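**Q** Just passing along the structure, written as structure tokens.
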Amino acid sequence: MVDEFLKKENLRIIPFREKKMYIVDNHQYALLVWAREVLKRGMPGVLVSIDYHPDTNPPFWLHAYQKAMAIDPEREEKLFSLFQKKILEAVNPLELETLADKMPLMRNDEHINTAMELGYLIDYHMINCMEKHCYATGKHYLVTEEKFGTLNDEMFCAAEFDLSIFNGRESLPLILDIDLDYFMKRENFNAVPNEMTVFRELLEKAVLITCARSATYFEYLKTENFAIEECENALIALIKELIE
């Protein structure tokens, strides 16, 4: 069932030396790739995600909220918790088929905290252009407007993202995740390798790279006539230039 879902997501697998990048249409389906890698390695991962949006809503938030509101708006909070809990309890983190079965109920901004709840991730670092959420787990980094779409060291520095966060955690698998809607124009991929040392190190540390096309958001956010296929291939070319 997992492979069937990924096939429907137009999965594209790009090899980079000893690691691979998995590209899917909708961001939430990257969770299936993360889960499979984590189960193979037998330990939870640490996620670094680069996205226009924070994508850290609670697990199955929209489905549970809409169902609760439809039944009784006055008891929404209690019913929401019950419906959310029921879905999560139906997922056995060790059996990917049970997760795949519930994927149709998941939105494209709920996968990160679902991965935390199910134990596939032990921590996450969310680099985005919209909000700097303060949750009990995970950490958000806000990209400044003049740096939107860039991957150079100045962006990471302005967002206060520092590679020292991995000190003492080198044994944990790092998953690097990228959403194409972060990129708005061709010049975002102009590579000056000695100005991309942070991104290059993330690529080298990562055991796995995932990418979401998020076509609707990409088309809305882009600032020039820039096809999503062109963006996808430009990212692949940039990664190859930096790590191969």
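The values are calculated or read from the model by the stated rules, or taken from the named source; none is laboratory data. In this text, all values refer to a predicted model and were calculated from it rather than measured experimentally. For neighbour counting, all protein chains shown are included, and Cβ atoms are generated from backbone atoms with ideal geometry for every residue, glycine included. Surface accessibility is based on the protein's heavy atoms, side chains included, excluding ligands, DNA and RNA. Shrake-Rupley method; radii C 1.70, N 1.55, O 1.52, S 1.80 Å.
**Q** Mind listing the long-range amide H neighbours of L174? Cut-off is under 5 Å, sequence gap 5 or more, other chains count too, H placed in the peptide plane at 1.01 Å from N.
**A** V46, V207
**Q** For the stretch 5-55, what class follows from the C-alpha gyration tensor (a ≥ b ≥ c being the square roots of its eigenvalues): rounded when a/c is under 1.5, otherwise prolate if a/b is larger than b/c, else oblate?
**A** Verdict is rounded for the stretch 5-55.
**Q** Is it possible to state the helix-based mean residue ellipticity at 222 nm for the chain, with each DSSP H run of 4+ residues giving -39500 (n - 2.57), the sum divided by total residues, to the nearest 500 deg cm²/dmol? What is it?
**A** Rounded to the nearest 500, the figure is -11500 deg cm²/dmol.
**Q** Indicate, rounded to the nearest 5 percent, the antiparallel portion of the DSSP beta bridges found entirely in the chain.
**A** Roughly 15 percent of the beta bridges in the chain run antiparallel, per DSSP.
**Q** If you stretched the chain out fully between K8 and E154, how much longer would it get, using 0.36 nm times the residue separation minus the C-alpha to C-alpha distance?
**A** 48.8 nm
**Q** Could I ask something else about it? From the list [x] 61, 37, 27; [y] 62, 42, 35; [z] 55, 38, 36, can you say which value of Cα extents along the principal axes in Å was derived from the structure given?
**A** The calculated read-out lines up with [z].
**Q** Can you give me the accessible area per residue for the chain, using a 1.4 Å probe, in Å²?
**A** For the chain, the solvent-accessible area averages 48 Å² per residue.
**Q** Which of the lysines could a cross-linker bridge to K205, judged by Cα under 25 Å and excluding same-chain residues fewer than eight apart?
**A** Candidates past the 8-residue exclusion: K19, K20, K40, K132, K139, K147, K240.
**Q** Please list 3J(HN,Hα) in residue order for the stretch 44-51, calculated via the Karplus relation 6.51 cos²θ - 1.76 cosθ + 1.60 where θ = phi - 60°; whole Hz, with x for glycine and proline.
**A** The phi angles translate into x, x, 10, 9, 10, 10, 10, 7 Hz.
**Q** How high is the FRET efficiency between A70 and E146 when r is their beta carbon distance and R₀ equals 45 Å, given to the nearest 0.05?
**A** With a Förster radius of 45 Å, E is 0.55.
**Q** How would you classify the stretch 74-133 from its alpha-carbon gyration tensor, with a ≥ b ≥ c the square roots of the eigenvalues: rounded for a/c under 1.5, else prolate if a/b is greater than b/c, otherwise oblate?
**A** oblate
**Q** Under 1.5 on a/c is rounded, so check that first for the stretch 99-172, then, if it is not, pick prolate when a/b is larger than b/c and oblate when it is not; a ≥ b ≥ c are the square roots of the alpha carbon gyration tensor eigenvalues.
**A** Judged from the Cα gyration tensor, the stretch 99-172 comes out oblate (a/c at least 1.5, b/c at or above a/b).
**Q** Further, regarding this structure: I'd like the FRET efficiency for L82 and C134, computed as 1/(1 + (r/R0)^6) with the beta carbon distance as r and R0 of 35 Å, rounded to 0.05.
**A** 0.85
**Q** How long, wide and thick is the stretch 52-190, going by the Cα atoms along their three principal axes, in whole angstroms, largest first?
**A** If we take the Cα atoms of the stretch 52-190, the spans are 50, 35, 27 Å.
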